[in-house]
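The values are calculated or read from the model by the stated rules, or taken from the named source; none is laboratory data. It should be emphasised that the depicted structure is a prediction, and the values quoted were computed from it without experimental measurement. Virtual Cβ from ideal backbone geometry, glycine too; neighbours counted across all protein chains shown.
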Amino acid sequence: MKPNTNYRNLKESYLFYNIAQKTAAYQLAHPGAHLLRMGIGDVSRPLCPAVVEALRRAAEDQGRDETFHGYMPECGDPPLREAIAAHYQRSGVKLDSEEVFASSGASDELGDILDLFQRGQNTVILEPAYPAYVDANLMAGNRIISVAAGQENGFLPMPSEDLEADLIYLCSPNNPTGAAFSRDQLKVWVDFANRRGAVILFDAAYEAFIQEEGIPRSIFEIEGARTCAIEICSLSKTAGFTGTRFGYTVIPKELEREGMNLRQMWIRNRTTKTNGVSFLLQRGAAAVFTPEGQRQIRDNLRVYRENARILMAALDKTGTWYTGGKNAPYIWMRCPAGLDSWRFFDLLLEETQIIGTPGEGFGACGKNYFRFSTFSTPEDTAEAANRLTRLLEQLERGQVPLAPPD
Ligand code: PLP
């Protein structure tokens, strides 16, 4: 028996380990310090009452003869699939509920979906990127083609005609940059994928954060996407399901390659490899799509949006370049004073006790950028914005001694 030697191609990720080490060392040296954790990608608002009530009722149902449920349908409970399809209808996207698959979260699906494709193909990843894309594809034995984004294209790169893409991961609004593709930009990617016969895996985990007109919430708002795209979405950030777990995946009926229908293949895959998402979680998820649930999650999203507004105001005030924040819970700023992202991390921790995420952790082109998340509490966010403004102003005036690079 040979192991999967593709695992040898994985690089160690030191990002969160290094952050944890540096933070622990600081805390040990400064036991009373109140650290402002602006790096987290996890939510701080709890599940909304409608979801909690649905979970409670579902648990009670499971304890009674008359209402007990055994295995759920592998692809999802039909009423829930219909509710999700109706949710898409609000953005003008018409789906058949049988194109919607319940999942245990986007991370699971982003890797599992690779079962649909022959191994050893070219996977295009726009960097900086959510690290799971690269690792899942390396484990599967695919070749990674990185397309570097930068300030010049607002961290929203477009395809060149010679890009040898088989699979293309697009994440919009993006983690870590917070940048979001416009309709016209997504149309270019969709047309490119259709011309090449490539498949787009569209990660819509942050669709609920979109505020601006003209930014699609779904790839299926784009004409032509039904023949080249799969969409993967999650309730993690939308409704606080990071620890509860629920997501959904959309595969259109028209999506075929070499005469094989990808939706049919996914049904075969799910019915083989899963016994469905738990009854409790599907009931909890269904509550999110009720009018009450939608109203309640919007209250939570408003908190994160207000956090974003406060952080953006600090960066605007100090003339700092950034993207994101408007349609995403992430703000991606250029590090000040020519610092690279780890030196800025150290400085920020030392001078302000703010913890953010160095951009380099998401790909080499993030070396001079830094990610703030807006998932912290309003109190900590307001304090972080004040301390950050002060530090950036002092740096501008040359009042902060900078350690030389290592
Ligand atoms: N996709 C992106 C871009 C993310 O940032 C995350 C989580 O941070 C996920 C997917 C994972 O979502 P889930 O919690 O549903 O696995």
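Just a few scattered comments:
- Segments classed as helices (runs of 4 or more DSSP H), wholly inside region 25-128, with at least 1 members that are among the aromatic types (F, W, Y) and within 22 Å of the chain's Cα centre (by Cα): 78-89
- When V43 is tested against (1) out of contact with any Pro (no Cβ under 9 Å at 6 or more places or on another chain); (2) modelled with pLDDT under 95, just one condition goes unmet, and that condition is (1).
- Looking only at residues of region 101-123 that are more than 11 Å from the ligand (Cβ to nearest atom) and either among the small types (G, A, S) or not assigned by TED's automatic domain parsing to the domain that holds S236 (or both), we find that the one that is surrounded by the most Cβ atoms within 10 Å (Cβ to Cβ) is A102.
- The listed residues are I200, I215, I232, I168, and the only one of them that is within 14 Å of the ligand (Cβ to nearest atom), within 25 Å of G105 (Cβ to Cβ) and of a type in the set (A, V, I, L, M, F, W, C) turns out to be I232.
- Against the list (1) touching a Leu at 6+ places or on another chain (Cβ under 7 Å); (2) away from the ligand (no atom under 16 Å from the Cβ); (3) under 19 Å from E127 (Cα atoms); (4) not hydrophobic (A, V, I, L, M, F, W, C), the condition T227 fails is (3).
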